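J.: Could you have a look at this structure, given as structure tokens, before my questions?
None of the figures in this text is laboratory data; all of them are computed from the coordinates on show. What you see is a predicted model; the values in this text were computed from it and never measured. Here Cβ is always computed from backbone atoms with ideal geometry, including for glycine, and neighbour counts include all displayed protein chains.
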Amino acid sequence: MTKFKAVTPKKIMMGKLSFGCDLLEELTKVATESGIRLGRIEAIGAVQKARIGFYNQKTRKYQFHLFDQPQEIVKLAGNISMKDGKPFVHAHITLANKSGKSCGGHLAEGTIVFACEFILEAFEGPEFSRCLDEETGLSLWSL
Ligand code: ZN
């Protein structure tokens, strides 16, 4: 069943991540240090290398692809909610290589920033916390 709740914009932050940091870890750090429990995130830039997940719906496990090459971040889109009592960033990313070919998927740790500009919007509202969803095997919002 589809479920949703209203949230209210609270504040927007813009910034750039440091060269050589781990993209997912650093976004999580920004959210944690800013006390953001609910929000959305977008970013553009470039990575030195990437690690992207694909959720295999049959095995219910992530398969990870490693791209050990510079690529553009065409678009990163994600959200921030709570998991195990801590802010958790869930983001998907589309990348483009030097030929302009794209790949993308679930952003995983191991994606290293070359340059990255992000916009993070914090919301006020009810807590969105993640727990195991039996139907998919994923950690989804329990609303
Ligand atoms: Zn995902």
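J.: Which residue, V89, V74, V113, has the most motion in a Gaussian network model of the chain that connects Cα atoms within less than 10 Å?
T.: Evaluated over the chain, the most mobile residue of the options is V74.
J.: If you don't mind, there's one more thing I want to ask. Once label points are set 7 Å from the Cα along Cα→Cβ at both I119 and K83, what is their separation, rounded to one decimal in nm?
T.: Taking the two extended label points, one gets 2.5 nm.
J.: Tell me the net charge near H92. Cut-off is 15 Å between Cβ atoms, H92 excluded, with +1 for each Lys or Arg and -1 for each Asp or Glu.
T.: Working: positive: R40, R51, K75; negative: E42, E109.
Net of charged neighbours comes to +1.
J.: Okay, next question. Only Lys, Arg, Asp and Glu count, each charged at its Cβ (+1, +1, -1, -1), so figure out the dipole size of the chain about its Cα centre, rounded to 20 debye. Spell out each step's value before the answer.
T.: On the way: 19 positive and 16 negative charges, 48 e Å.
In total the dipole reaches around 220 debye.
J.: Count the net charge of all other residues whose Cβ sits under 11 Å from the Cβ of V47, scoring Lys and Arg as +1 and Asp and Glu as -1.
T.: Residues close to V47 contribute a combined charge of -1.
J.: Quick one: net charge of P126's neighbours, Cβ under 15 Å, K/R +1, D/E -1? It would help to have the intermediate numbers written out before the result.
T.: Numbers: positive: K3, K5, K10, R37, R130; negative: E124, E127.
It works out to a net charge of +3.
J.: Taking the alpha-carbon distance from K98 and a cut-off under 19 Å, which aspartates and glutamates remain once sequence neighbours fewer than 8 residues away in the same chain are dropped?
T.: Within the straight-line cut-off, K98 pairs with D68, E72.
J.: Now a separate question. Which of the lysines could a cross-linker bridge to K11, judged by Cα under 27 Å and excluding same-chain residues fewer than eight apart?
T.: Straight-distance partners of K11: K3, K29, K75, K83, K86.
J.: Measuring from label point to label point, each 7 Å out along Cα→Cβ, what is the M13 to Y55 span in nm?
T.: Rounded to a tenth, the inter-label distance reads 2.7 nm.
J.: Determine, at each q value in 0.09, 0.10, 0.13, 0.16 (inverse angstroms), the log₁₀ of I(q)/I(0) that the Debye formula gives when each Cα of the stretch 12-142 is one equal point scatterer.
T.: Debye curve over Cα of the stretch 12-142, log10 I(q)/I(0) at q = 0.09, 0.10, 0.13, 0.16 Å⁻¹: -0.26, -0.32, -0.54, -0.80.
J.: Using 0.36 nm times the number of residues separating K5 and S102, minus their current alpha carbon distance, what extension gain do you get? Each step should come with its number before you reach the end.
T.: Numbers: separation 97, 0.36 × 97 = 34.92 nm, distance 3.35 nm.
In short, 31.6 nm is gained.
J.: Suppose we flag chymotrypsin sites (Phe, Trp or Tyr not before Pro) only when DSSP calls them loop and at most 16 other Cβ atoms lie within 10 Å. Which is the longest uninterrupted stretch of the chain?
T.: Details: sites that count: F4, F19.
The longest uninterrupted stretch comes out as 20-143.
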